[in-house]
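> Have a look at the structure that comes next, please.
The values are calculated or read from the model by the stated rules, or taken from the named source; none is laboratory data. This one's a predicted model, so the numbers in the text were calculated from it and none came from an experiment. When we count neighbours, we look across all protein chains shown, and the Cβ atoms used for this are built from the backbone with ideal geometry, even at glycine.
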Amino acid sequence: MKKVYKYIIAAAIISIVVYFSVSIESLEEVKERQRRVSFNATEYARDFWDNRLGGVLDNAIDAVQLIELFNTNMAEAIEKYGRAPGVSSVYAYLLKGNGEILTIGEDFIDISIKEPRANPDIRIITGLYIPGNAVRDASGLIDVSEFSDTMKFNEIGNEINKIVVKEVIRPFMDKKPSSGDKVGFFGATRVARDDADQGLFGQSIDKSDGTKEFQLVSVVPIRLELE
C-alpha cells in the first residue's frame, strides 16, 4: 500500500513539474513564431494588406492639416504623427484627403487639396515602381526588431509596394482620370525633418537652373478613387 502512495505522489510531482515547464502561448504568439520560422515575404505582405492595414487607416491625418503642420511646426508633426523604423531623420505618415487633379504625368498625378485649388499640394505616385517603404513604415504595424535580418524587413516593403501597384494604382489608372477630376485618397508619405527648410509645401521654390517648381508631398496611395 505504501508503494502505491509513493507512486501516486511521484506521479503528482512529475505532473506539476511538467505543467510549469510548459509555456502557454496565445494564438497570436503561435502565429508570430510560425511566421519567423517559415518566413515568406509575399504571404506576410498579403496578410498585412488584407487583415491589418485597414484597422489603422482611421488614424490617418487630414492632408490639409498635416501639410500645414509640416510648414509651421515640423517637430510637432514628427512627435504627433511621424513614424520611423529605428533612428532616422525621415518620418512616415498616414494621411487622407480629397482634391482636384491638376496635372497627369507619366508616373504621377498632381492634385490640389486647398481652395481655390489653383496650385498643387500633393503628388500621388501612379507609376509601376514605388521607391521607399512609406506604407510599411507609416502603418506602425511592422517592427524591424521582429526579424532576424533587415533583408526580410525590406522584402516585406517591396511586396507591399507590388500590391499597391497591382490593386490600387492600375485599377485607378484604368479609369482614365483626367485634369479637373476629383479624387479621394488614403495614403502614406515619407518626409525628412528638414524638407520644409527648402521651401514650404504647396508653394513654388527656385531651382538651381533658375526655373521654379512646386514643393509637393509625395504620396503612395493605399485607397484611391475618383469622386
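> Would you please name the residue that is farthest from residue 184 (Cα to Cα), looking only at residues in the stretch 108-126 that are in contact with a strand residue (DSSP E or B) (Cβ under 7 Å, 6 or more places away or on another chain) and not hydrophobic (A, V, I, L, M, F, W, C)?
The selected residue is 119.
> Going through the stretch 187-217 one residue at a time, which ones are in contact with a Pro (Cβ under 9 Å, 6 or more places away or on another chain) and either farther than 19 Å from residue 61 by Cβ or at pLDDT 95 or above (or both)?
Across the stretch 187-217, the qualifying residues are 187, 188, 214, 216.
> Let me ask you something else. Six or more apart or on different chains, Cβ under 6 Å: which pairs go from a residue in the stretch 92-121 that's under 20 Å from residue 59 (Cα atoms) and among the aromatic types (Phe, Trp, Tyr) to one that's modelled with pLDDT of 95 or more and part of a strand (DSSP E or B)? Could you list them?
93/189
> So, one more: Is one or more of the residues making up the stretch 85-98 closer than 27 Å to residue 221 by Cα, of a type in the set (D, E, K, R), modelled with pLDDT of 95 or more and out of contact with any Asp or Glu (no Cβ under 6 Å at 6 or more places or on another chain)?
Yes, some residue in the stretch 85-98 is closer than 27 Å to residue 221 by Cα, of a type in the set (D, E, K, R), modelled with pLDDT of 95 or more and out of contact with any Asp or Glu (no Cβ under 6 Å at 6 or more places or on another chain).
> Another question, if that's okay. In the set 160, 142, which member is surrounded by 17 or more Cβ atoms within 10 Å (Cβ to Cβ), among the β-branched types (Val, Ile, Thr) and in a helix (DSSP H, G or I)?
Only one candidate passes the filter, namely 160.
> Let me confirm something: among 134, 77, 45, which residue is modelled with pLDDT of 95 or more and either aromatic (Phe, Trp, Tyr) or farther than 25 Å from residue 155 by Cβ (or both)?
77
> Return the residues of the stretch 133-176 that are within 25 Å of residue 225 (Cβ to Cβ) and of a type in the set (Gly, Ala, Ser); say none if nothing qualifies.
Hits for the stretch 133-176 are 134, 138, 139, 140, 157.
> When you go through 202, 187 one by one, which is the residue that is in a strand (DSSP E or B) and not hydrophobic (A, V, I, L, M, F, W, C)?
Answer to the check: 187.
> Within the stretch 66-125, restricting attention to residues that are in a helix (DSSP H, G or I) and crowded, with 19+ Cβ neighbours inside 10 Å, which residue is nearest to the chain's Cα centre (by Cα)?
Restricting to residues being in a helix (DSSP H, G or I) and crowded, with 19+ Cβ neighbours inside 10 Å, the top hit is 81.
> Could you check how many residues of the stretch 163-205 are more than 16 Å from residue 223 (Cβ to Cβ), loosely packed, with under 15 Cβ neighbours inside 10 Å and either touching a residue at least 12 places away in the same chain (Cβ under 8 Å) or not basic (Lys, Arg) (or both)?
10
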